[in-house]
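Remarks on the structure that follows.
The values are calculated or read from the model by the stated rules, or taken from the named source; none is laboratory data. Computed from a prediction, not measured in an experiment: that's the story for all the values here. Glycine also receives a Cβ, built like all others from the backbone with ideal geometry; neighbour counts cover every protein chain displayed.
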Amino acid sequence: MARVTLTQFLIEQQRSDQPIASNLRLLIEVVARAVKTISVHVGKGNIAGLLGNAGTDNVQGEAQKKLDVIANELLLQANEWGGHLAAMASEELEGPSLIPNRYPKGEYLLVFDPLDGSSNIDVNISVGTIFSVLRCPEGTRDVDDTAFLQPGRQQVAAGYAVYGPSTMLVLTVGAGTHGFTLDREFGAWVLTHPDIRIPESTKEFAINASRARFWEPPVQRYIGELQQGVEGPREQDFNMRWVASMVADVHRILARGGIFLYPLDDKNRRNGGHLRLMYEANPMAFIVEQAGGAASTGRQAILDVQPSGLHQRVPVVLGSRNEVERVVAYHAEAD
Ligand code: AHG
Ligand code: MN
Ligand code: MN
Ligand code: MN
């Protein structure tokens with residue numbers, strides 16, 4: 001059977017009863033091309049001397065890896081000249097990156113986490129790229145942070161790439177969630193996982209359990225019940241996984257179900273959580289909801305959170321619907 005490429009998929013989406021604008025299609029193709037280049041760099045590892053720290057910090061005080069900086073540059077350069085964007089924002093930049101005057105400006109805003117899970121890069125464990133596309137509010141003359149501060153519900157597209165044993169691109173334009181695998185010989189994105197559905201129930205959870213003593217009571221209760229297994233109120237055993245690359249953990253959940261939590265705790269409370277709303281939580285929440293799963297802060301749907309800053313953090317609970325709903329119920333009972 002003929003292979004469906006990303007280009008064919010997007011053109012067919014343009015012709016469907018939920019059509020996407022041709023400019024959005026072209027923008028996604030540019031991002032997908034940049035991701036291919038990042039994949040090549042990630043794959044070279046220390047042959048190209050790309051592991052280790054860059055020697056600089058980002059605006060959040062994290063030590064930047066060389067590949068954080070390279071992936072950020074590749075995405076900025078690939079996307080600045082296409083004419084589809086009004087501006088970009090990134091984990092690695094304090095404020096918006098404006099389109100240089102020599103290029104035309106477009107109607108969209110692109111937000112990204114150029115390299116997710118970068119603490120894993122030096123140990124050769126999967127990392128990824130996450131992106132989100134918003135419309136630039138009409139009438140915006142000079143783009144500043146406020147143009148980006150739209151609830152995730154307003155995203156027009158979101159996706160991530162996972163650089164694992166194979167490189168995959170998982171994408172939503174609001175009509176389901178679809179997975180493409182990079183054919184490295186042909187340089188083509190091949191549709192391998194059409195219409196991904198997350199099972200409603202699961203026996204697998206993902207959380208950084210080293211923070212257990214800081215968790216709030218509803219999370220203590222929920223994880224405690226899972227750990228009691230067949231002897232506890234859930235009357236079944238649960239398995240645990242934690243990659244510490246959100247892309248890899250979320251990808252596993254899309255592939256076989258599960259629940260992922262990076263909840264509010266006593267240590268991250270003053271930051272509002274750990275993961276970043278605009279370029280981690282929102283795109284992943286859109287992807288997960290489009291695959292039939294759920295995504296919550298524990299108290300509110302992530303996609304309904306009104307952002308107040310480009311680098312704002314939020315608690316994240318996402319994955320199999322029944323489990324996420326249980327965690328939300330435990331929060332409601334405790335509050
Ligand atoms: P990034 O590498 O883009 O800064 O993101 C890291 C995030 C996320 O990928 C992961 O789920 C989480 O941080 C890991 O946190 P712990 O170190 O607490 O496990
Ligand atoms: Mn980081
Ligand atoms: Mn990240
Ligand atoms: Mn990152």
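So which of Val31, Val40 is of a type outside the set (D, E, K, R), within 18 Å of Ser118 (Cα to Cα) and either in a helix (DSSP H, G or I) or within 16 Å of ligand 2 (Cβ to nearest atom) (or both)? Before you say what the answer is, go through the steps one by one.
Working: Val31 fails: within 18 Å of Ser118 (Cα to Cα).
Result: Val40 is the single residue among Val31, Val40 that is of a type outside the set (D, E, K, R), within 18 Å of Ser118 (Cα to Cα) and either in a helix (DSSP H, G or I) or within 16 Å of ligand 2 (Cβ to nearest atom) (or both).
Which number in (1) within 18 Å of the chain's Cα centre (by Cα); (2) of a type in the set (A, V, I, L, M, F, W, C); (3) under 30 Å from Arg25 (Cα atoms); (4) surrounded by fewer than 16 Cβ atoms within 10 Å (Cβ to Cβ) marks the one condition that Trp242 misses? The one condition Trp242 does not meet is (3). Of all the listed residues (Tyr108, Tyr103), the sole one being in contact with a strand residue (DSSP E or B) (Cβ under 8 Å, 6 or more places away or on another chain) and either of a type in the set (Ser, Thr, Tyr) or more than 15 Å from ligand 3 (Cβ to nearest atom) (or both) is Tyr108.
Only one of these is closer than 19 Å to Val317 by Cα and among the acidic types (Asp, Glu): Glu235, Glu200. Name it.
Working: Glu235 fails: closer than 19 Å to Val317 by Cα.
Of Glu235, Glu200, the one residue that is closer than 19 Å to Val317 by Cα and among the acidic types (Asp, Glu) is Glu200.
State whether one or more residues within the range 92-109 are outside any loop (DSSP other than H, G, I, E, B), in contact with a Pro (Cβ under 7 Å, 6 or more places away or on another chain) and within 13 Å of ligand 4 (Cβ to nearest atom).
Step one: of the range 92-109, the residues outside any loop (DSSP other than H, G, I, E, B) are 97-98, 108-109.
After this cut, where a residue has to be in contact with a Pro (Cβ under 7 Å, 6 or more places away or on another chain) as well, the list is none.
The answer is no; no qualifying residue exists.
Output the residues belonging to the range 135-160 that are over 19 Å from Ile70 (Cα atoms), in contact with a Leu (Cβ under 8 Å, 6 or more places away or on another chain) and either within 16 Å of ligand 4 (Cβ to nearest atom) or free of Cβ contacts under 8 Å to residues at least 60 places away in the same chain (or both).
If we filter the range 135-160 for residues that are over 19 Å from Ile70 (Cα atoms), which is where we start, we get 135-159.
Among the residues that remain, those that are also in contact with a Leu (Cβ under 8 Å, 6 or more places away or on another chain) are: 135-136, 143, 145, 147-159.
Listed by number, the residues that qualify are Arg135, Cys136, Val143, Gln154, Ala158, Gly159.
Can you give me the number of residues within the range 50-99 that are touching a His at 6+ places or on another chain (Cβ under 7 Å), at pLDDT 95 or above and away from ligand 2 (no atom under 13 Å from the Cβ)?
Step one: filter the range 50-99 for residues touching a His at 6+ places or on another chain (Cβ under 7 Å), giving 50, 59-60, 67, 70.
Filter again for at pLDDT 95 or above, leaving 67, 70.
Restricting the remaining residues to those that are away from ligand 2 (no atom under 13 Å from the Cβ) gives 70.
Result for the range 50-99: 1.
All of Asp237, Asp265 fail the test of being without any contact (Cβ under 8 Å) to a residue 40 or more places away in the chain and touching a helix residue (DSSP H, G or I) at 6+ places or on another chain (Cβ under 7 Å), apart from Asp237.
Looking only at the range 87-107, residues that are surrounded by fewer than 22 Cβ atoms within 10 Å (Cβ to Cβ) and more than 18 Å from Lys66 (Cβ to Cβ) come to 14 in all. If you check Leu98, Leu50 for being closer than 22 Å to Ser245 by Cβ, of a type outside the set (Asp, Glu) and away from ligand 1 (no atom under 15 Å from the Cβ), only one passes: Leu50.
For the range 115-134, taking the residues that are away from ligand 4 (no atom under 16 Å from the Cβ) and crowded, with 17+ Cβ neighbours inside 10 Å, the one that is farthest from Val170 (Cα to Cα) is identified as Leu134. So which residues in the range 175-192 are within 18 Å of the chain's Cα centre (by Cα) and touching a residue at least 60 places away in the same chain (Cβ under 8 Å)? Listed by number, the residues that qualify are Ala175, Gly176, Thr177, His178, Gly179, Phe180. One residue stands out in the range 40-86 among those that are within 16 Å of ligand 3 (Cβ to nearest atom) and β-branched (Val, Ile, Thr): the one that is surrounded by the fewest Cβ atoms within 10 Å (Cβ to Cβ), namely Val59.
To keep it simple, each residue is scored yes or no on (1) more than 16 Å from ligand 1 (Cβ to nearest atom); (2) over 22 Å from Ala285 (Cα atoms); (3) in contact with a His (Cβ under 7 Å, 6 or more places away or on another chain); (4) at pLDDT below 95.
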{"residue": "Arg102", "(1), (2), (3), (4)": "yes, yes, no, no"}
{"residue": "Gly106", "(1), (2), (3), (4)": "yes, yes, yes, no"}
{"residue": "Pro114", "(1), (2), (3), (4)": "no, no, no, no"}
{"residue": "Val123", "(1), (2), (3), (4)": "no, yes, no, no"}
{"residue": "Val127", "(1), (2), (3), (4)": "no, no, no, no"}
{"residue": "Ser132", "(1), (2), (3), (4)": "no, no, no, no"}
{"residue": "Thr146", "(1), (2), (3), (4)": "yes, no, no, no"}
{"residue": "Leu149", "(1), (2), (3), (4)": "yes, no, no, no"}
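Kindly provide the set of residues from the range 277-290 that are in contact (Cβ under 8 Å) with a residue 24 or more places away in the chain and surrounded by fewer than 24 Cβ atoms within 10 Å (Cβ to Cβ), ordered by number. Selection gives Gln290 alone. Listed conditions (1) among the hydrophobic types (A, V, I, L, M, F, W, C); (2) closer than 20 Å to Pro151 by Cα; (3) assigned to a loop (DSSP other than H, G, I, E, B) are all met by Met88, apart from (3).
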